[in-house]
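First the structure, in the form of structure tokens, and then the observations on it.
A short reminder: the numbers here are calculations on the coordinates, not readings from a lab. Remember, it's a predicted structure, so these values are computed and weren't measured experimentally. Glycine also receives a Cβ, built like all others from the backbone with ideal geometry; neighbour counts cover every protein chain displayed.
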Amino acid sequence: MTENQPRVFPPDFLWGAATSSYQIEGAAREDGRTPSIWDTFSHTPGKVLGGDNGDVAADHYHRFREDIELMSGLGLGGYRFSVSWSRVQPTGRGPAVQRGLDFYRELVDGLLERGIVPSLTLFHWDLPQELEDAGGWPARETAERFADYAALVGEALGDRVGMWSTHNEPFCAAFLGYGSGVHAPGRTEPESVLKAAHHLNLSHGLATQALRSVLPKNTQIGITFNPVVSRPYSESPADKDAARRIDALQTRIFTDPVLHGAYPADLKQDTARVSDWSFLRDGDEATIHQPLDWLGLNYYTPSVVSAAADGDPTEGADGHGSSEHSPWVGSADLVRFHLAPGERTEMGWVIDPTGLSELLLRFHREAPGLPLYITENGGAFEDKADESGLVHDPDRIAYLHGHLGAVHDAMAQGADVRGYFLWSLLDNFEWAYGYSKRFGMVHVDFETLQRTPKASARWYSEVIAAGQLPD
Ligand code: IFM
């Protein structure tokens with residue numbers, strides 16, 4: 001491409017925005033919904049900054065019609081949301097609650113009426129508490145319950161939702177939930193991390209089979225990962241090996257069985273002192289390896305990793321290349337995370353769009369022919385409203401501009417990218433950070449729950465309308 005050529009996207013490129021149930025819905029105790037692990041965790045003192053919780057969140061459960069109007073006004077082509085398992089099947093077992101399913105049916109119908117493609121994710125971390133009490137993801141039975149739940153939702157919404165995802169970022173559910181404990185359910189058990197990862201994978205395979213048996217034939221089923229862009233600190237063999245370890249633990253533990261039908265041998269070696277992997281049964285890898293219609297990739301920042309010298313403090317390993325947690329089962333004392341230089345978002349994550357092109361090209365090569373979607377990308381910034389209530393967020397616009405440019409670059413090099421979902425539509429509950437970090441292109445006043453599109457929303461809307469990036 002020559003320097004000044006406009007960066008045009010294909011006319012059928014899906015321009016969307018993403019959210020998740022616990023982060024926006026609220027209505028935590030309404031219409032039969034029971035607690036999920038995030039309700040329990042956020043109500044446990046000391047777990048979430050400021051003692052915040054998702055009881056009300058952005059109150060999307062009551063305001064979804066207004067939110068659909070917002071999306072429509074911005075010209076969004078797609079909306080990625082997740083279903084709250086404990087809203088539609090409160091105990092994680094047995095029949096569905098009709099009111100819970102009706103909520104999602106009304107949401108989907110509203111989207112379809114405005115020509116917005118619904119993209120449904122079955123699991124974005126809010127496991128019913130009853131299933132956690134029975135063992136959670138480290139228990140094999142949870143994978144079987146997930147397949148039943150998938151079938152229930154599939155039967156209810158399969159006639160109107162064409163794009164399905166089993167999981168969002170299973171890395172976080174396993175490693176942050178059961179390893180570092182900074183996410184619900186807050187357990188810190190190294191072997192449970194591996195069991196959880198395996199049962200999340202298995203549940204993906206079982207749920208995909210269950211969905212295929214109830215959904216119309218042309219339904220598109222996929223999964224969303226947050227693969228690490230793992231960069232060695234130096235070219236030394238030791239640092240390269242550290243980057244390999246982290247790639248195995250964060251990415252290939254999920255992508256290899258899902259895309260290729262086998263766990264990586266190096267992963268099993270690296271984790272041998274934590275587990276003998278006896279939880280992996282004959283036939284599991286084949287079950288996990290289901291044909292897929294698309295692959296979702298979430299990207300925020302790369303990780304820079306070196307081999308640890310004795311006693312080295314790590315600078316961060318929260319799955320997004322920063323902060324203080326060490327969920328690195330079997331490798332925590334062998335790797336060190338570094339804070340790469342450069343501008344950062346409010347999360348402390350360095351802004352580096354080249355990682356996004358790298359990621360897209362990696363999976364373009366690794367899974368040829370599989371359509372790719374960026375299912376999340378965006379930034380938290382310190383947004384300030386002016387006197388008239390308008391939020392000028394030039395940092396977010398620059399972030400989006402840079403990352404959409406990286407998507408375009410990857411496509412120009414052959415990556416089959418079909419769409420982009422900005423994280424996030426609304427300011428929301430940012431997990432252990434509570435409401436202190438704002439990712440939305442629409443500002444939410446958490447006192448009044450009033451929504452106000454930020455300047456970035458208007459910018460994104462113009463990009464969508466033009467189908468190309470400004471210079
Ligand atoms: O808010 C989260 C989302 O739930 C999963 N991906 C990363 C986002 C930002 O941390």
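What full-extension length gain, to one decimal in nm, is calculated for ALA455 and ALA309 as 0.36 nm per residue of separation minus the Cα-Cα distance?
Working it through step by step, the gained length comes to 48.0 nm.
Give, rounded to the nearest 20 debye, the magnitude of the charge dipole that region 419-471 has about its Cα centre when Lys and Arg contribute +1 at Cβ and Asp and Glu contribute -1 at Cβ.
It works out to roughly 20 debye.
Quick check: from the Cα gyration tensor, does region 151-219 come out rounded (a/c under 1.5), prolate or oblate?
Judged from the Cα gyration tensor, region 151-219 comes out prolate (a/c at least 1.5, a/b above b/c).
Highest mean first, how do 444-450, 88-94 rank when packing is the count of other Cβ atoms within 10 Å averaged over residues?
88-94, 444-450
Given charges of +1 on the Cβ of Lys and Arg and -1 on the Cβ of Asp and Glu, with all other atoms neutral, how large is the dipole of region 30-70 about its Cα centre, in debye to the nearest 20?
200
Set the Förster distance to 60 Å, then compute FRET efficiency between GLU66 and GLN413 from the Cβ-Cβ distance, nearest 0.05.
About 0.90, to the nearest 0.05.
With the dipole of region 370-448 worked out from charges on the C-beta (+1 for Lys and Arg, -1 for Asp and Glu) around the Cα centre, which of TYR435, TRP423, GLY405 lies farthest toward the positive end?
GLY405
Pulled fully out, how much extra length does the chain show between ASP133 and ASP12, if you take 0.36 nm times their separation in residues and subtract their Cα-Cα distance?
In short, 39.1 nm is gained.
At 0.36 nm per residue, minus the direct Cα-Cα distance, what do ALA385 and ALA398 gain on full extension? Give it in nm, one decimal, please.
That pair, ALA385 and ALA398, stretches by 2.9 nm at full extension.
Based on the Cβ-Cβ distance from ALA466 to ARG140, what FRET efficiency comes out when R0 is 35 Å, to the nearest 0.05?
With R0 = 35 Å, the Cβ-Cβ based efficiency is 0.10.
Is the shape of region 312-471 best called rounded, prolate or oblate, per the rule: a/c under 1.5 gives rounded, else a/b larger than b/c gives prolate, else oblate, with a ≥ b ≥ c the square roots of the Cα gyration tensor eigenvalues?
Oblate.
Among THR287, PRO128, LEU372, whose Cα lies farthest out toward the positive end of the dipole of the chain, if unit charges sit on the beta carbon of Lys, Arg (+1) and Asp, Glu (-1)?
Looking along the dipole axis, the top candidate is THR287.
Using the Cα centre as the reference, give the magnitude of the dipole from point charges on the C-beta atoms of region 5-61 (Lys, Arg: +1; Asp, Glu: -1; all else neutral), rounded to the nearest 20 debye.
Dipole magnitude for region 5-61 comes out near 240 debye.
Step through the residues of region 115-126 one at a time and calculate ³J(HN,Hα) from phi using the Karplus curve (6.51 cos²θ - 1.76 cosθ + 1.60, θ = phi - 60°), rounding each to whole Hz and writing x for Gly and Pro.
With coefficients 6.51, -1.76 and 1.60, one gets x, 9, 6, x, 10, 9, 10, 6, 9, 10, 5, 9 Hz.
With the contact rule set at Cα under 8 Å and sequence spacing of 6 or more, what percent relative contact order holds for the chain?
17
Of the lysine pairs in the chain, how many meet both conditions: Cα atoms under 18 Å apart, and a spacing of 8 or more in sequence or different chains?
5
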